């Protein structure tokens, strides 16, 4: 398993070692001992989530506040997405910056998004099946977000605005400037 830290400290891209033969392929998608050794911290995942989306569906940018903050290990089971993490740690050198990584069933990459980050993704293929582990349980009252087309973050979602499908709830999320007022 190859684990590399991104320009956003604490956020990692994971590439599995894939073993191919005439029957197909095999890979280890998660090994807690190896994962924790390479990221340098202990993470106890307590909840797995999965979603199915059509092309252009954008989910995010989401995060949870305070003691309900979540770290996530995300991957794609079918299709292809652009996965985005936004650094919301006010004391970070990369505060307000983002990274975008293409995750697909084909490349089998994963991304570890630590606590203190906003997270979202958009489906680039006809459909996608997206799965992720969380290190904290979902708590509706602490759920927050940032509008996907925030003018200060300027995320390139790789699709035309007319192709992007956002839920009514996500379309009403505040700007980055407003959302960070609530952060500790």
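The values are calculated or read from the model by the stated rules, or taken from the named source; none is laboratory data. Computed from a predicted model, the values in this text were never measured in an experiment. FYI the Cβ positions are ideal-geometry reconstructions off the backbone, even for glycines, and counts take in every protein chain you see.
Here are some notes:
- The single residue among 138, 148, 132 that is surrounded by fewer than 16 Cβ atoms within 10 Å (Cβ to Cβ), in contact with a strand residue (DSSP E or B) (Cβ under 8 Å, 6 or more places away or on another chain) and not in a helix (DSSP H, G or I) turns out to be 138.
- Residue, farthest from residue 63 (Cα to Cα), within the range 76-90, restricted to residues that are modelled with pLDDT of 95 or more and surrounded by fewer than 16 Cβ atoms within 10 Å (Cβ to Cβ): 78
- Enumeration of residues in the range 153-168 that are farther than 16 Å from residue 100 by Cα and loosely packed, with under 10 Cβ neighbours inside 10 Å: 160, 161, 162, 168
- Residue count, the range 105-129 (criterion: part of a strand (DSSP E or B), over 23 Å from residue 172 (Cα atoms) and within 13 Å of the chain's Cα centre (by Cα)): 4
- So residue 175, is it touching a helix residue (DSSP H, G or I) at 6+ places or on another chain (Cβ under 7 Å) and touching a residue at least 12 places away in the same chain (Cβ under 8 Å): no
- Every residue from the range 12-27 that is part of a loop (DSSP other than H, G, I, E, B) and surrounded by 12 or more Cβ atoms within 10 Å (Cβ to Cβ): 16
- All positions within the range 49-65 that are closer than 18 Å to residue 135 by Cα, surrounded by fewer than 19 Cβ atoms within 10 Å (Cβ to Cβ) and in contact with a helix residue (DSSP H, G or I) (Cβ under 6 Å, 6 or more places away or on another chain): 65
- Flag for residue 41 being more than 29 Å from residue 177 (Cβ to Cβ) and modelled with pLDDT under 95: yes
- Among (1) in contact with a strand residue (DSSP E or B) (Cβ under 7 Å, 6 or more places away or on another chain); (2) closer than 16 Å to residue 87 by Cβ - the single one residue 173 does not satisfy: (2)
- A residue that is farther than 23 Å from residue 152 by Cβ, surrounded by 20 or more Cβ atoms within 10 Å (Cβ to Cβ) and at pLDDT 95 or above occurs somewhere in the range 107-116.
- Among the residues making up the range 61-92, a single one is free of Cβ contacts under 8 Å to residues at least 40 places away in the same chain and either on the phi > 0 side of the Ramachandran plot or part of a strand (DSSP E or B) (or both): 83.
- Boolean, residue 96 is touching a helix residue (DSSP H, G or I) at 6+ places or on another chain (Cβ under 9 Å), outside any strand (DSSP E or B), at pLDDT 95 or above and closer than 17 Å to residue 111 by Cα: no
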